[in-house]
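Undergrad: I'd like to ask some things about the structure below.
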Amino acid sequence: MAVIAVTVLTMKPDRYEDLLADIRKSKAILEKSGARDVRLVASMTAGGGAMASLALSFEVDDFAAQGAVMDKFLADPEGLAVMMSTVSSESPVAGFQSTTWVDVPL
């Protein structure tokens, strides 16, 4: 059963490059921690509206593996620093929501 962790990030105006820099750091740490298929997707709006939300996702085999990835990410000083900077006033992130998805057999 594949487990997919998804974090939807809303960025502050004019902070796209700063957000990408933070996500690139996170991707490297997530992969080092055992995450697979780490990707960033951007929302598209009809009518050409400004993009403000991005989703960062990764895949693991099961819930135990997801917990292990997060344990390793937060045990890494750089991972913890990225996570803590997300909630600071200097962060390019205005808000975020994390969800966990799991494959449903059909």
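The values are calculated or read from the model by the stated rules, or taken from the named source; none is laboratory data. Note that the structure is predicted; figures quoted are calculated from it, not measured. Positions of Cβ are backbone-derived with ideal geometry, glycine not excepted, and every protein chain shown enters the neighbour counts.
Undergrad: Please determine, by comparing only the residues of region 49-94 that are modelled with pLDDT of 90 or more, more than 17 Å from residue 38 (Cα to Cα) and touching a strand residue (DSSP E or B) at 6+ places or on another chain (Cβ under 7 Å), which one is surrounded by the fewest Cβ atoms within 10 Å (Cβ to Cβ).
TA: 94
Undergrad: I need the full set of residues from region 58-106 which are polar (S, T, N, Q), more than 24 Å from residue 41 (Cβ to Cβ) and assigned to a helix (DSSP H, G or I), in order please.
TA: none
Undergrad: When the residues of region 36-48 are filtered to those that are modelled with pLDDT of 95 or more and over 11 Å from the mean Cα position of the chain (by Cα), which remaining residue is surrounded by the fewest Cβ atoms within 10 Å (Cβ to Cβ)?
TA: Ranking the qualifying residues of region 36-48, first place goes to 37.
Undergrad: Among the numbered criteria (1) more than 22 Å from residue 101 (Cβ to Cβ); (2) of a type in the set (Lys, Arg); (3) at pLDDT 95 or above, which single criterion is violated by residue 15?
TA: (3)
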